[in-house]
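Novice: Let me give you the structure first, and then I'll get to my questions.
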Amino acid sequence: MNTRNDAAPVLIRLSDYRAPAWRVSQVNLSFDLGIDDTVVSSRLHLQRDATLQEPLRLDGEGLELLSIALDGQALPEGQWRYENGVLEVEGARDGSLLETRVRVRPAANTALEGLYLSGTREGGFLLTQCEAEGFRHITFFPDRPDVLASYTVTLRADRARFPVLLAGGNPDGHGELEDGRHWARFVDPHPKPSYLFALVAGRLQQIARDYVTARGRAVKLVIWAEPDAIGRCDYAMDALERSMRWDEQSYGREYDLDVFHVVATHDFNMGAMENKGLNIFNAKYLLADPDSSTDDEYRAVEAVVAHEYFHNWSGNRVTCRDWFQLSLKEGLTVFREQQFSADMNSAPLKRIEDVALLRRAQFPEDAGPLAHPVRPAQYSEINNFYTATVYEKGSELVRMVAGSLGRDGFRRGMDLYFSRHDGHAATLEDFLRALGDANGVDLMPYLAWYAQAGTPRLHARGHYDATQRTYALTLSQHTPPTPNQPHKQALPIPVKLALFRRDGRMIPLHLAGEPAATSGGVERVVVLDRAEQTFVFQQVDAAPVPSLLRGFSAPVILECDYAPADLALLLRHDADGFNRWEAGQQLAARAFDNLRDGNDTAALDAWCEALSALFAEGSVDAALLADLLTPPGEIELAERERVVNPSHVHALRQQLQESLALRIGREALHARHQALATPAVVALDAASQAQRRLKRRVLELFALLDPWAAHALGTQQYDSAPSMTDRLAALVVLARGNAPQTRAALLHFRERYADNPLAMDKWFSIQAQLPAEVVVERVRELEADAAFTLKNPNRVNALFGAWARNNPDGFHRPDGSGYRLLAERLVQLDALNPQVAARLATAFNGWQRLEPTRRAAARTAIGTLAAQPGLSRNLTEIVQGMLHD
Ligand code: B3K
Ligand code: ZN
């Protein structure tokens, strides 16, 4: 089931926002659940805003209306109209009760939005996904986040087929019915928007844990999964308990219902969903065991469990006024999740991971045809705006504001925000105002960040005056134009900085004009809030090396004319792990430029020299060393190019790594791989994870020097690995090197994990990353595999996502075969699942900057796609946006 609007796409604008004329105070829903047919009965208690003269209009998509009554009277045909997704009803007044019965068809719902079936007809279960506008696929309702109502939900179903019945809120009775049916009722005392409604029904098993909140509320935590998966939920349960405790300690936020349910499904459009009291998770972010999950996946499970839990306050108790405010809950919750992960694991490694993601996913978005502000001004399909910009850049904006308030100030501000807006729908202005009011400062200048798309370029140049003993640092900013935003304004950019002496020690800072009390100290934040500004540091004895944007204090691209030796100095001496990594990244990027231009090897030499020394010394933590030894990825490197040839980028990056491997030396790499021997049992502590991370990196580097020996080592590692982390690392090295052993290993993997969908996804992903010359052909073979289906989002992403996004050289074939294949498949996928199709289509991002042959081929493929009749609103918006000049 998939409703398409044939009419021209309608643009929804932030500036058109109007408060709702009709609200709903209380909703009573009952469901007669069936796989093919479900009947939904609804009773809405209506409230009317007396100042607004508008007829009652409710949203409803693809609903078969069975009956409708107003204030107890069946409504005759002429008094209601249902067309184009809107039910208009005449005669309603303040206090009216509207009753409707509709039929929906879960098994036919391949869009996985609204009520749908997960798994097979025989074994699967029913569930819902409502955010952003799925509730209107279930019943008629003012389906907008500023209509908050109290929900009472009754589920009825065949007991044998649906033994477990769940909805959000507290349980409020259950019992038997005739003909082997049963019922269960849930009451949610907290008013909520419709996008947070959820139900689940089917044969699920549970693990449970008792939890007592800081103020003494007893809560039952229950995780539900299908029988073959319930044994892999314990780690998620631990993570949930850690998250709940952390939110109590860090933000004073407690859980507010008697039960907290979490459900795992293999059929889900995104990562997870924070429905009130009934979180639903893509199994990928809930299940974990050492035999089938990597260390990275363990950390992702912990982060997503925390993220959805944290939404209970940042999103549910305080929700968004409209979807333009999406980052109010998402940016804030990503930020809270990042803080939590930093506290649970290593703070510098977490920051490295987050910044790397921002650069890989968000910077290209900001630089491409789909660039949009963190608070977009308009959209056609809101599901297209769950982007890295709204999430990851949104989190960076919260981080800047939090940084400007300090730890205690931010907490004060958050306390005020939560108490002021509890139970209401808020805006980004409300957020900044609450944080500012609690601290007596004006944070409104940061609103400009929310409204302006594009990544600012921060330019820095220093001038040392030996006679005055001053160091003048001039900072300037410039944001390139983005679609519909040709002119940019200056933004407040906090720049955290330190100055280093040549011997690697930090210099006490005396900033001209600052009060004596704040003078001294080795780190300072200066805020550039105009086009250009100069900061003068006094009592500086010799020309220093500036360490700028420490901890990545603002989401900008730093342009600073460092000498390679300056970066090498920071890479060797900066005590902060993040800055050390950052210096290495900048040096590697310069080394990349060196190789491309072939004019000088100073940066390459400095990079290899500094890293091989660190490798030999053994003074750096293993996980950080693994990250230091990894240059920026191909996507990030391509962002430096005016004209992109993905094959060249790939080859140059390989060359860069080869130079590094060569400098470290074959023997040293081999010896380190042996020294990082695999213990027989899989431990998940930080040191063990770090060891596996470094081992993977060492094997990858070794494979560049001596593929034959590395493939033998890889095969050995594959055969004896006790954990998926080691097994997968070995398999990836074999596959990327096109080693002869790959075939047997893949066959073995497939056999071993045939019944484990998440592991099978890896089997598809690895092959999607084969070398460029063979991969398009392999993708075609794989989609013909019996285990492949376009109906499962994880499988689609595992094959097509991994290929089109993570294998740029393999996707951007000069003959255009990659583009044609993706475009063809997008048309088929769109007919089944528009949300997943639209997201996959963003893999074309950046096509305008490709070299001419590829660009022409991409243009043709996108144009053909755009010309297809009957595309969904989702895919239409992305494809049209791609063609934007
Ligand atoms: N809020 C959901 C995302 C919903 C996406 C709708 N297309 C998950 C999250 O960010 O927590
Ligand atoms: Zn979220």
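Novice: Quick check: anything in the stretch 618-636 at negative phi, open to solvent by 50 Å² or more (accessible area, probe 1.4 Å) and more than 28 Å from the chain's Cα centre (by Cα)?
Specialist: yes
Novice: Another question, then. Return yes or no: is GLN769 in the same structural domain as ASN874 (by the TED database), open to solvent by 10 Å² or more (accessible area, probe 1.4 Å) and in contact (Cβ under 8 Å) with a residue 12 or more places away in the chain?
Specialist: Numbers: in the same structural domain as ASN874 (by the TED database): no; open to solvent by 10 Å² or more (accessible area, probe 1.4 Å): yes; in contact (Cβ under 8 Å) with a residue 12 or more places away in the chain: yes.
Criteria not met by GLN769.
Novice: Then there is this: Being over 39 Å from the mean Cα position of the chain (by Cα) and not polar (S, T, N, Q) is the filter; apply it to the stretch 512-532 and report the residue that is nearest to ALA575 (Cα to Cα).
Specialist: Going residue by residue through the stretch 512-532, those that are over 39 Å from the mean Cα position of the chain (by Cα) are 512-517, 519-520.
Checking the rest, the ones that are also not polar (S, T, N, Q) come to 512-517, 520.
Details: ALA512: 26, GLY513: 28, GLU514: 26, PRO515: 27, ALA516: 26, ALA517: 25, GLY520: 19 Å.
So the residue we want is GLY520.
Novice: I would also like to ask the following. Taking PHE749 as the residue in question, decide whether it is in a helix (DSSP H, G or I) and of a type outside the set (S, T, N, Q).
Specialist: When the stated conditions are applied, PHE749 passes them.
Novice: While we're here: Of the residues in the stretch 252-276, how many are within 16 Å of ligand 2 (Cβ to nearest atom) and within 24 Å of ASP415 (Cβ to Cβ)? Before the answer, list the steps.
Specialist: Within the stretch 252-276, the first condition is being within 16 Å of ligand 2 (Cβ to nearest atom), and the residues that meet it are 253, 262, 268-276.
When the remaining residues are screened for being within 24 Å of ASP415 (Cβ to Cβ), the result is 253, 274, 276.
The total comes to 3.
Novice: Within 14 Å of PHE141 (Cα to Cα), of a type in the set (Phe, Trp, Tyr) and open to solvent by less than 70 Å² (accessible area, probe 1.4 Å): which single residue out of TYR82, TYR17 fits that description?
Specialist: When all the criteria are applied, what remains is TYR82.
Novice: Give just the number: which of (1) polar (S, T, N, Q); (2) without any contact (Cβ under 8 Å) to a residue 40 or more places away in the chain; (3) within 16 Å of ligand 1 (Cβ to nearest atom) does SER380 not satisfy?
Specialist: SER380 satisfies all of (1) polar (S, T, N, Q); (2) without any contact (Cβ under 8 Å) to a residue 40 or more places away in the chain; (3) within 16 Å of ligand 1 (Cβ to nearest atom) except (2).
Novice: Let me ask something additional. Given (1) closer than 16 Å to LYS791 by Cα; (2) open to solvent by 20 Å² or more (accessible area, probe 1.4 Å); (3) within 16 Å of ligand 1 (Cβ to nearest atom), where does VAL827 come up short, assuming only one miss?
Specialist: (3)
Novice: Quick test for you: out of TYR417, TYR464, TYR450, TYR471, pick the one residue that is out of contact with any Phe, Trp or Tyr (no Cβ under 7 Å at 6 or more places or on another chain) and in contact (Cβ under 8 Å) with a residue 40 or more places away in the chain.
Specialist: TYR450
Novice: Suppose the filter is touching a residue at least 12 places away in the same chain (Cβ under 8 Å) and either surrounded by fewer than 20 Cβ atoms within 10 Å (Cβ to Cβ) or within 19 Å of LEU63 (Cα to Cα) (or both); does GLY180 pass it?
Specialist: Criteria met by GLY180.
Novice: Do you know which residues across the stretch 277-299 are within 14 Å of ligand 2 (Cβ to nearest atom) and either open to solvent by 10 Å² or more (accessible area, probe 1.4 Å) or not hydrophobic (A, V, I, L, M, F, W, C) (or both)? Explain how you work it out, then say what you get.
Specialist: Taking the stretch 277-299 and keeping what is within 14 Å of ligand 2 (Cβ to nearest atom), we get 279-282, 285.
Matches in the stretch 277-299: ASN279, ASN282, TYR285.
Novice: Select, from PRO814, PRO834, PRO869, PRO793, the only residue that is more than 29 Å from ALA132 (Cα to Cα) and at pLDDT 95 or above. Even if it seems obvious, please write down each step before you answer.
Specialist: On the way: PRO834 fails: more than 29 Å from ALA132 (Cα to Cα); PRO869 fails: more than 29 Å from ALA132 (Cα to Cα); PRO793 fails: more than 29 Å from ALA132 (Cα to Cα).
Only one candidate qualifies: PRO814.
Novice: Taking into account only those residues within the stretch 191-212 that are out of contact with any strand residue (DSSP E or B) (no Cβ under 6 Å at 6 or more places or on another chain) and closer than 16 Å to HIS261 by Cα, which is surrounded by the most Cβ atoms within 10 Å (Cβ to Cβ)?
Specialist: Checked the stretch 191-212; the qualifying residue surrounded by the most Cβ atoms within 10 Å (Cβ to Cβ) is PHE197.
Novice: Looking at the stretch 651-668, can you tell me whether even one residue there is in a loop (DSSP other than H, G, I, E, B) and modelled with pLDDT of 95 or more?
Specialist: yes
Novice: Of all residues in the stretch 258-275 being aliphatic (A, V, I, L, M) and assigned to a strand (DSSP E or B), which is farthest from ligand 1 (Cβ to nearest atom)? So that I can check it myself, show each step before the final result.
Specialist: Residues of the stretch 258-275 that are aliphatic (A, V, I, L, M), as a first pass: 259, 262-264, 270, 272-273.
Cutting the leftovers down to assigned to a strand (DSSP E or B) gives us 259, 262-264, 272-273.
On the way: VAL259: 20, VAL262: 13, VAL263: 14, ALA264: 15, ALA272: 6, MET273: 5 Å.
If we take residues in the stretch 258-275 being aliphatic (A, V, I, L, M) and assigned to a strand (DSSP E or B), then VAL259 is farthest from ligand 1 (Cβ to nearest atom).
Novice: Got a sec? Which of GLU77, GLU88 is at pLDDT below 95, outside the structural domain of PRO834 (by the TED database) and open to solvent by 40 Å² or more (accessible area, probe 1.4 Å)?
Specialist: Of the residues listed, the single one that is at pLDDT below 95, outside the structural domain of PRO834 (by the TED database) and open to solvent by 40 Å² or more (accessible area, probe 1.4 Å) is GLU77.
Novice: Could you check the stretch 444-522 for strands (runs of 3 or more DSSP E) lying wholly inside it with 1 or more residues that are under 19 Å from GLU365 (Cα atoms) and open to solvent by less than 60 Å² (accessible area, probe 1.4 Å)?
Specialist: Correct list: 457-465.
Novice: Right, next: Name the single residue that is most open to solvent (accessible area, probe 1.4 Å) among those in the stretch 406-433 being not in a helix (DSSP H, G or I) and not charged (D, E, K, R). Full working, then the answer.
Specialist: Restricting attention to the stretch 406-433, the residues satisfying the condition of being not in a helix (DSSP H, G or I) are 422-427.
With not charged (D, E, K, R) added as a condition, the list becomes 423-427.
On the way: GLY423: 32, HIS424: 108, ALA425: 31, ALA426: 0, THR427: 15 Å².
Ranking the candidates gives HIS424 first.
Novice: Related question: Within the stretch 682-704, is even one residue surrounded by fewer than 20 Cβ atoms within 10 Å (Cβ to Cβ) and touching a Pro at 6+ places or on another chain (Cβ under 7 Å)?
Specialist: Yes: one or more hits.
Novice: While we're here: Across the stretch 113-129, what is the total count of residues that are surrounded by 24 or more Cβ atoms within 10 Å (Cβ to Cβ) and assigned to a loop (DSSP other than H, G, I, E, B)?
Specialist: Counting residues in the stretch 113-129 that are surrounded by 24 or more Cβ atoms within 10 Å (Cβ to Cβ) and assigned to a loop (DSSP other than H, G, I, E, B) gives 1.
Novice: Enumerate the strands (runs of 3 or more DSSP E) found wholly within the stretch 151-218, keeping only those where 1 or more residues are among the acidic types (Asp, Glu).
Specialist: Ranges flagged: 170-176, 181-192, 205-212.
Novice: When you check VAL441 against the structure, is it closer than 24 Å to ASP366 by Cα, free of Cβ contacts under 8 Å to residues at least 60 places away in the same chain and among the β-branched types (Val, Ile, Thr), yes or no?
Specialist: Against the criterion (closer than 24 Å to ASP366 by Cα, free of Cβ contacts under 8 Å to residues at least 60 places away in the same chain and among the β-branched types (Val, Ile, Thr)), VAL441 does not qualify.
Novice: While we're looking at this one, here's another question. Name every residue in the stretch 309-340 that is more than 14 Å from ligand 2 (Cβ to nearest atom) and either acidic (Asp, Glu) or within 27 Å of PRO632 (Cβ to Cβ) (or both), in order of residue number.
Specialist: Hits for the stretch 309-340 are ASP322, GLN339.
Novice: Another question, if that's okay. Looking at the stretch 110-123 only, could you name the residues that are out of contact with any helix residue (DSSP H, G or I) (no Cβ under 9 Å at 6 or more places or on another chain) and touching a residue at least 60 places away in the same chain (Cβ under 8 Å)? Please lay out each step first, then the result.
Specialist: Step one: filter the stretch 110-123 for residues out of contact with any helix residue (DSSP H, G or I) (no Cβ under 9 Å at 6 or more places or on another chain), giving 118-120, 122-123.
Within the stretch 110-123, SER118, GLY119, GLY123 meet the criteria.
Novice: Still on this structure, please answer the following. So GLU559 clears everything in (1) more than 20 Å from PRO492 (Cβ to Cβ); (2) touching a His at 6+ places or on another chain (Cβ under 6 Å) except one condition, right? Which one?
Specialist: The number of the failed condition is (1).
The values are calculated or read from the model by the stated rules, or taken from the named source; none is laboratory data. Treat the numbers as computed from the prediction; the structure is a model and nothing was measured. Here the Cβ is made from the backbone with ideal geometry for all residues, glycine too, and neighbour counts use every protein chain on show. Ligands, DNA and RNA are stripped out before the accessible areas are found, and what is left, the full protein with its side chains, is counted by its heavy atoms. Shrake-Rupley method; radii C 1.70, N 1.55, O 1.52, S 1.80 Å.
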